[in-house]
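Since the structure comes first, as structure tokens, the remarks are kept for the end.
Values in this text are rule-based calculations from the coordinates and carry no lab data. All figures in this text were calculated on a predicted structure; none of them were measured in a lab. We place every Cβ from the backbone using ideal geometry, glycine too, and count neighbours over all the protein chains shown.
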Amino acid sequence: IQRTFSIIKPDATKRNLTGAINAKIEAAGLRIIAQKRIRMTQAQAETFYGVHKDRPFFGELVEFMISEPVVVQVLEGENAIAKYRDVMGATNPEQADEGTIRKEFALSVGENSVHGSDAPETAAVEIAYFFSGLELVG
Ligand code: GTP
Ligand code: MG
């Protein structure tokens, strides 16, 4: 059993798609073992996306992530990291497969509705950044 970290991003919370996205997560066999709606601070967004700080879209990405509330989540299941990335679909929704969250809901490569960890190490760091151990109810 594995855990991954997910964010339902501002474009999706703004359009009231939290439940629709959670339905896709659960239909894929992933269990939401922690979840909270927060307004990310600029410092949190800059740290969270620090790996992208030299990319041309960094400023835009941070502004987007603090523009509306987000829902941060921990998902648990067999092979949760890869499974969730499959459910999310490609970063650019134009390249996302049918049935994926991004194909169905994302607006653009920037406003792409969800984040999911890309490896066990990043999942552990990202989960710990937003949740205490006591908040994870597996
Ligand atoms: P995450 O799960 O959010 O990390 O998505 P990803 O792993 O599919 O993409 P990546 O880590 O390469 O990029 C992180 C995020 O930066 C993306 O999800 C987008 O929101 C944003 N992003 C990536 N490329 C672009 C871009 O060209 N323009 C803009 N505005 N945002 C981008
Ligand atoms: Mg990424």
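Its residue count N sets the reference 2.2 N^0.38 Å, and the alpha-carbon radius of gyration of the chain equals 0.96 times that reference. For the chain, averaging the sequence separation of C-alpha pairs within contact (under 8 Å, six or more residues apart) and dividing by the residue count gives a relative contact order of 37 percent. Which of G50, G77, G89 ends up with the largest GNM mean-square fluctuation for the chain, with Cα atoms connected below 10 Å? Looking only at G50, G77, G89, the biggest GNM fluctuation is shown by G50. Net charge of the neighbourhood of L30, taken over other residues with C-beta under 13 Å away and scored Lys/Arg +1, Asp/Glu -1, is +1. The charge dipole of segment 22-90, taken about its Cα centre with unit charges on the Cβ atoms of Lys, Arg (+1), Asp and Glu (-1) only, comes to about 160 debye.
Each of K24, K9 has some number of other Cβ atoms within 10 Å of its Cβ, and from fewest to most they run K24, K9.
Taking T41, T100, T13 in turn, the Gaussian network model of the chain (Cα-Cα springs below 10 Å) assigns the largest fluctuation to T41. Pairs spanning more than 22 Å between alpha-carbon atoms, out of K14/K83; K9/K53; K36/K103; K53/K103: K14/K83; K36/K103; K53/K103. Taking label positions 7 Å along the Cα-Cβ direction at both R37 and H52, the computed distance is 2.4 nm, reported to one decimal. When each of V74, V51, V125 is scored by the number of other beta-carbon atoms lying within 10 Å, the sequence from fewest to most is V51, V125, V74. Each Lys and Arg adds +1 at its Cβ and each Asp and Glu adds -1 at its Cβ; summed about the Cα centre, the chain shows a dipole of about 340 debye.
Rounded to the nearest 20, the Cβ-based charge dipole of segment 62-138 about its Cα centre (Lys and Arg +1, Asp and Glu -1) stands at 40 debye. Sorting L17, L30, L75 from the fewest to the most surrounding beta carbons within 10 angstrom yields L17, L30, L75.
Considering only R15, R39, R85, the mean-square fluctuation computed in a Gaussian network model of the chain, springs between alpha carbons under 10 angstrom, is largest for R15. For segment 46-86, the residues whose amide N sits under 16 Å from a probe point set 7 Å from the Cα of E104 along the beta carbon direction are 84-86. Projected label points at A23 and E78, each 7 Å from Cα along the beta carbon direction, are separated by 2.6 nanometres. For E60, neighbours were defined as the other residues whose beta-carbon sits under 15 Å from its Cβ, and their charges (Lys and Arg +1, Asp and Glu -1) total -3. Think of it as helices only: each DSSP H run of n ≥ 4 in the chain is worth -39500 (n - 2.57), and spread over all residues that comes to -10500 deg cm²/dmol at 222 nm.
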